[in-house]
1. State which residue pairs qualify: first residue farther than 9 Å from residue B:231 by Cα and inside the range A:213-233, second residue surrounded by 12 or more Cβ atoms within 10 Å (Cβ to Cβ) and among the basic types (Lys, Arg) in any location, beta carbons under 7 Å apart, and separation of 6 or more residues or different chains.
2. Consider the range B:194-225. How many of its residues are touching a strand residue (DSSP E or B) at 6+ places or on another chain (Cβ under 8 Å) and at negative phi?
3. Residue pairs, Cβ under 9 Å, 6 or more apart or interchain, first in the range B:76-94 and farther than 12 Å from residue B:46 by Cα, second more than 8 Å from DNA strand D (Cβ to nearest atom) and hydroxyl-bearing (Ser, Thr, Tyr). List them.
4. Look through the range A:67-101, keep the residues that are part of a helix (DSSP H, G or I) and surrounded by fewer than 17 Cβ atoms within 10 Å (Cβ to Cβ), and return whichever of them is farthest from DNA strand C (Cβ to nearest atom).
5. Need at least 3 residues that are modelled with pLDDT of 95 or more and touching a strand residue (DSSP E or B) at 6+ places or on another chain (Cβ under 6 Å) per element, so show me which strands (runs of 3 or more DSSP E) inside the range B:105-168 make the cut, counting only ones lying wholly within it.
6. Testing residue B:52 on (1) charged (D, E, K, R); (2) within 19 Å of residue A:239 (Cα to Cα); (3) within 8 Å of DNA strand D (Cβ to nearest atom), one condition comes back false. Which one is that?
7. Would you pick out the residues in the range B:46-66 that are in contact with a strand residue (DSSP E or B) (Cβ under 7 Å, 6 or more places away or on another chain), not β-branched (Val, Ile, Thr) and not in a loop (DSSP other than H, G, I, E, B)?
8. What's the number of the only condition in (1) modelled with pLDDT of 85 or more; (2) surrounded by fewer than 20 Cβ atoms within 10 Å (Cβ to Cβ) that residue A:206 fails to meet?
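The values are calculated or read from the model by the stated rules, or taken from the named source; none is laboratory data. Keep in mind it's a predicted model, so treat the numbers as computed, not measured. Here the Cβ is made from the backbone with ideal geometry for all residues, glycine too, and neighbour counts use every protein chain on show.
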There are 2 protein chains.
Amino acid sequence: MYMQISHLSIEGTDVAEPDGRTQGDGGTARRPRGRLPAYERIKAAIRTRIREGEWGPGDPIPGESELARDFGVSRLTAHRALRELAREGVIERRRRRGSRVAVRTGRDIVLEIPRIERLVTGLGAAYELRLLWRRTTVPPSEIRERLELAPGQRALHLVLLHLADRRPFQLEDRWINLLAVPEAAQADFTTIAPGSWLLEHVPWSEAEHVIAAENADPATARALDIEPGEAVLVIERRTRNRNRVVTWARFRHPGSSYRLATAFAPRA
Amino acid sequence: MYMQISHLSIEGTDVAEPDGRTQGDGGTARRPRGRLPAYERIKAAIRTRIREGEWGPGDPIPGESELARDFGVSRLTAHRALRELAREGVIERRRRRGSRVAVRTGRDIVLEIPRIERLVTGLGAAYELRLLWRRTTVPPSEIRERLELAPGQRALHLVLLHLADRRPFQLEDRWINLLAVPEAAQADFTTIAPGSWLLEHVPWSEAEHVIAAENADPATARALDIEPGEAVLVIERRTRNRNRVVTWARFRHPGSSYRLATAFAPRA
DNA sequence: CATCGAAATATGTATATGCAAATCTCGCAT
DNA sequence: ATGCGAGATTTGCATATACATATTTCGATG
């Protein structure tokens, strides 16, 4: 498979959202408004050809100068399009050799897990929340370590059940470091999930995750309305802000009813 | 917390690898060789300040012009540094408002799962592979759909057991589309894992994943040397190349002994 | 006092230009 | 034939410049 296609469409009709974090139309130096930036149109055109199989992995694609000519832009603009595609893992570039469609080999898998609320509401299911437990106590040593707390220091412990269409969907076991988030002591978690509350009140800079499978213990089984011993998908998350652990949470999902599915997201 | 630091070090000493796909030194227009590009030095300097807590989430950071002045570069170079940091999710930018350290809110979780071999050998464990089953057959309809095969079309079916330090670690159930990879019919999978073999022989452009928990059925339990009914972490992967499904595989891990752990990796 | 509008500011996009580095090709000398 | 060196090509980095756009600030006006 070695084919070189010389001409891309000058007016790319297909639309791809810019994945930059910024919003709005963006600066449009001498560009009719409402249209995508030139470099985005070039990226979209290339992506389309790859997606539709016209250019397969390893195939060469037009170089910067050629793209610049075909699209009527400067070389820097074409350069930016190719550079970003390379960073997104869509293409590979070498000097003199040119650019080619990436051969995805030996990469780590990257899983993107959508947020729970979005997952539930996105499916059109009715979302419901139940606060099962709330205490401010000295955590057991295992939890204390994860929160990186001093011995004897108290923390806020919450247990909540999330329901989708009146069926248990997720059991949340959460500890909040009150030194990092004193306001949490006053917050009302009967209507707003602690995850959402924390998102709004405490910025964070880092998080760690663990995924595992375990058999439901009797308490978990009762809460999730499944049989004891049934497989449960466990996700643990620890969130930090400025070198301090803000919160640690363990989420349990009925393994039979919950699946994390995702398409490959290149490293970028 | 509202503090404005005016001066960043002109000669950033800390080193960050450019995450672009390209290697080598890169073009160095009027730049002493061996040093990072100017925009990378700026990025590194900013990241360092954030990492060390000097600038916390939500804090403003110097603007393009200020950085350009402090680092003695053009505005475009400073712009590129900030743009990339924004895309990586490290900072947030708004017109007129300026740039500030990102408040990580509402983002999807991104999990990075290292490849199995690397995981096993990285732990210093002895890796072993056993081919339990190999047949070329017409797959059951459930598998046929996943492979997007025509009815009656045959596919290569493999079952393998991966061991770490002589203990079952992963049970692999794989189907390979022989239309996409005819050479697979001749390959020897007793010594090389099909995953690795495919990586070397077939480029791929896309993959989908599913993660779930399930109870071990008797056959799985026997293979993994666990009790029937014990929780098993399941990962399914479907790989495509040019709109064709190359392979579909299901991996099962003993839930008690295997955990996927990862630090947060921003989208970028 | 409230509100609308102009100025100021910071980011976003784009051009034209120059040089550096990597690497493939080809011709020439041994 | 083999190997070495001189282009040629393609990507990478950076500057100077210009204009567009979003948003805040501030002042004028009713």
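1. If the second residue must be surrounded by 12 or more Cβ atoms within 10 Å (Cβ to Cβ) and among the basic types (Lys, Arg), the pairs left are A:220/A:252; A:224/A:252.
2. Pass one, the range B:194-225, residues touching a strand residue (DSSP E or B) at 6+ places or on another chain (Cβ under 8 Å): B:194-195, B:198, B:202-216, B:220, B:223-225.
Add one more test, that the residue is at negative phi, and what stays is B:194-195, B:198, B:202-216, B:220, B:223-224.
Here the count works out to 21.
3. Listed by first residue and then by second, the contacts come to B:83/A:22; B:92/A:22; B:92/B:99; B:93/A:22; B:93/B:99; B:94/A:22.
4. Filtering the range A:67-101 for residues part of a helix (DSSP H, G or I) gives A:67-71, A:75-87.
Filter again for surrounded by fewer than 17 Cβ atoms within 10 Å (Cβ to Cβ), leaving A:69, A:75-76.
Numbers: A:69: 11, A:75: 5, A:76: 4 Å.
Per the criteria, the residue is A:69.
5. Numbers: elements: B:109-113, B:127-137, B:155-164.
Counting at least 3 such residues, we get B:127-137, B:155-164.
6. That leaves (3) as the condition not met.
7. First pass over the range B:46-66, keeping only residues in contact with a strand residue (DSSP E or B) (Cβ under 7 Å, 6 or more places away or on another chain): B:46, B:50, B:55-61, B:63.
Among the residues that remain, those that are also not β-branched (Val, Ile, Thr) are: B:55-60, B:63.
Matches in the range B:46-66: B:60 only.
8. So the condition that residue A:206 fails would be (1).
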